[in-house]
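Quick notes on the structure that follows.
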Amino acid sequence: MEIKQSIEIRSTPEQVFRLYQDAATWADWDPHVLSASLPEGLRVGAKGWLKPSCGPKASIQIVEVTEGASFSVQSRLPLCRMVFGHRLAAKEDGTMATHWVEFSGPLSFLFRYLVGRSIQASLPDTMQGLKQSSEKQVNAA
């Protein structure tokens, strides 16, 4: 079972995707990220880390990228793989952004229980931050 949240943004998918491309600025729009780093950039196989506002610093790896449309990040936990997906779909008046999280592996039930609830609770704030930052870029242009 995945955790999922979507929001409509008055901006193009390409403009929203620009916010995803620089991990060092994720904390600017996601109130639940203290800092993040992807030294190799947003490309498949790139490794880095993310420090959430609650919880330990986690190693991350990019497992999927479709320029201007989506990317997925995985983090490995003991006997569990957690994947955070980010998908953008063009709409007539902007973009539908969807973030989702999936847990897999023998202990996925445990980690979904332990961290899934806080992720579910934080997604609305994250999506609102993405919306505000994306729309601010459009209005500034």
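Structure data summary
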| read-out | value |
| --- | --- |
| The lone exception for residue 57 - which of (1) touching a residue at least 12 places away in the same chain (Cβ under 8 Å); (2) within 20 Å of residue 122 (Cβ to Cβ); (3) charged (D, E, K, R) it fails | (1) |
| Some residue of region 9-24 being in a strand (DSSP E or B), of a type outside the set (Phe, Trp, Tyr) and at pLDDT 95 or above | yes |
| Cross-chain or 6+ apart pairs with Cβ under 8 Å, region 31-45 first and over 18 Å from residue 68 (Cα atoms), then among the hydroxyl-bearing types (Ser, Thr, Tyr) and in a loop (DSSP other than H, G, I, E, B) | 31/53; 32/53; 33/53; 34/53 |
| Verdict on residue 34 being under 12 Å from the mean Cα position of the chain (by Cα) and of a type in the set (A, V, I, L, M, F, W, C) | no |
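The values are calculated or read from the model by the stated rules, or taken from the named source; none is laboratory data. Computed from a prediction, not measured in an experiment: that's the story for all the values here. So basically every Cβ, Gly included, is an ideal-geometry build from the backbone, and we count neighbours across all protein chains shown.
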